[in-house]
Ligand code: 5GP
Ligand code: ZN
């Protein structure tokens with residue numbers, strides 16, 4: 001937990017969100033400003049700042065996030081033909097929340 005981190009607070013339910021999935025490692029919730037019919041944010045419960053700043057010790061967590069994305073996609077008929085995962089890493093990539101997160105997008109065809 002990092003103080004004043006909005007995603008740590010969401011994972012700890014100190015800030016409300018529409019939860020989609022949770023286990024001991026990750027938390028997933030609807031994005032407040034969706035860019036697709038399905039737009040889910042998947043975060044590790046551990047506070048990691050960004051993909052720019054990970055090491056091998058995060059390997060299991062980061063792998064787990066991809067398995068969870070696949071698992072969540074199966075809950076939505078809108079993603080039966082595919083989905084997109086995006087990670088914005090750092091300011092130049094458009095990262096605005098500095099707790100690593102993956103956008104899971106679906107329900108439309110992406111260019
Ligand atoms: P980034 O731009 O850092 O890759 O993505 C951050 C995402 O978090 C944005 O899509 C934004 O809409 C979402 N977001 C920011 N604050 C909140 C919040 O308080 N609740 C929810 N559900 N999503 C948020
Ligand atoms: Zn955090």
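Read the figures in this text as sums done on the coordinates, not as results from a lab. Treat the numbers as computed from the prediction; the structure is a model and nothing was measured. Methodologically, a virtual Cβ is constructed for each residue, glycine included, from the backbone with ideal geometry; neighbour enumeration extends over all protein chains shown.
Details
- Crossing angle, helix 59-73 versus the chain [Cα axis fit, 0-90 degrees, rounded to tens]: 30 degrees
- Build a GNM of the chain with springs between Cα atoms under 10 Å apart, and of 73, 55, 17 the one that fluctuates most is 55.
- Placing R0 at 25 angstrom, the Cβ-Cβ distance between residue 3 and residue 30 gives a FRET efficiency of 0.55 after rounding to 0.05.
- Fewest-first sequence of 45, 57 by Cβ atoms within 10 Å of each Cβ: 57, 45
- Projected label distance in nm at residue 46 and residue 58, using a 7 Å step from Cα toward the beta-carbon: 0.9 nm
- When the chain is treated as a Gaussian network with alpha carbon springs shorter than 10 Å, the biggest mean-square fluctuation among 50, 70, 16 belongs to 16.
- Cα centroid separation, the range 1-67 to the range 87-111 (Å): 12 Å
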